[in-house]
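Below is one structure, written out as structure tokens; the observations come after it.
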């Protein structure tokens, strides 16, 4: 099982929440209330995302946060990297050159996260496998009942 840090998980939630309301500039407190995450954590995450250039912050009475780019232009990998740093499955794979056997796996995971944008995260149903259409006529192995 691959586990992201709790902060990275929360960061994706916060960024996805901002992506769901692209025209709205909102406060950290409002994001915390709407996502049901701790206010201090959301404030920290928004500052980190702003420092990484993924979120813009405006001060003042009408200030707040919003995505710096369109949700289609920000990947989950960017959000995770802004919070956790380099994406690696083990400490070995990130810090020690002798662990090069993990390079291909880390690259594949990074590419998978890079392929998912915040826009796609707004509608997670897009990732569910498609179900075959329901048929109104019985299949070849199903009994036929007559009324």
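Every number in this text was worked out from the coordinates using simple rules, so none of it is lab data. Treat the numbers as computed from the prediction; the structure is a model and nothing was measured. Every residue, glycine among them, receives a Cβ derived from its backbone with ideal geometry; neighbour counts consider all protein chains shown.
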Which percent of Cα-Cα pairs in the range 6-119 sits in each 10 Å bin, short to long?
14, 44, 27, 12, 3, 0
Ascending count of other beta-carbon atoms within 10 Å, so fewest first, for 44, 6
6, 44
Relative contact order of the range 6-119, pairs being alpha-carbon contacts under 8 Å that are 6 or more residues apart, as %:
30
Can you tell me the order of 100-113, 27-40, 9-22 when each peptide is scored by its average per-residue count of other Cβ atoms within 10 angstrom, highest first?
9-22, 27-40, 100-113
